[in-house]
Amino acid sequence: MREKPSSSRSSRRPVSFLVLAVLLVVLVVAAIILFMARSNDASNTTGPTNSPAATATIDPRLILHPRTMPLSATLGNGIHLRGTLSPSLPGTNTITLGLTQTQSAATLPKYIDLVITMPGMRMSPIHERLNFQKGAFTGAIRLPMFGAYTAQVKFVTADGPRSGNLNLIVPL
């Protein structure tokens, strides 16, 4: 025959259920407190989430402005180049060159070839041809970055080939 369970075992069950019930009530109360705290944060109108964004101010020295840079070179035999580079920013720029010489205007070339390099940089030379239009040699050149460039100028007149160097600057 079996023995009857002891009374100590039966007395443990009510205590276990009581402990579990108290823990369950504590968890429910903690969950309610957390929920209320989060809902108060969401409805808080003085917090940073609902405040207007601050207006960003930009230092005016950081804004790039287009400018026209003067160009000038003397090639020898009384030939002078004068012109402009605009907007003088990285990217596509318009170059306009006027050719003045002490000789007659009949020896003006039809075009001027430029080979543009950036001293000290390992970049491919930029080749551009400036065509004669409206009394000047004009063309578009793409300068990839700020800095100083050297343009080798080449053209052919009735008197023969001419060449020289022209300095281009894209200032920051």
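Just so you know, all these numbers are worked out from the coordinates, no wet-lab data involved. Just so it is clear, the model here is predicted, and its values are computed rather than measured. We place every Cβ from the backbone using ideal geometry, glycine too, and count neighbours over all the protein chains shown.
With a 10 Å radius around each residue's Cβ, average the other Cβ atoms per peptide and rank 19-28, 83-92, highest first. Intermediate values should be presented prior to the final figure.
Working: 19-28: 10.0, 83-92: 16.5.
Output ranking for 19-28, 83-92: 83-92, 19-28.
A simple charge model with +1 on the Cβ of Lys and Arg, -1 on the Cβ of Asp and Glu and nothing else charged puts the dipole of the stretch 67-170 at about 140 debye relative to its Cα centre.
Viscosity 0.692 mPa s, temperature 37 °C: what is the translational diffusion coefficient of the stretch 72-172 from Stokes-Einstein with a Kirkwood Rh over Cα pairs, rounded to a whole number of µm²/s? Kindly include the intermediate steps, with their values, before the conclusion.
Details: Rh = 13.9 Å.
Approximately 236 µm²/s, per Stokes-Einstein.
Ranking Leu108, Thr138, Gly164 by how far each Cα lies toward the positive end of the dipole of the stretch 67-170 (charges on Cβ) leaves Thr138 at the top. Charged neighbours of Ile126, selected by a Cβ distance under 12 Å, balance to 0 (K, R count +1; D, E count -1).
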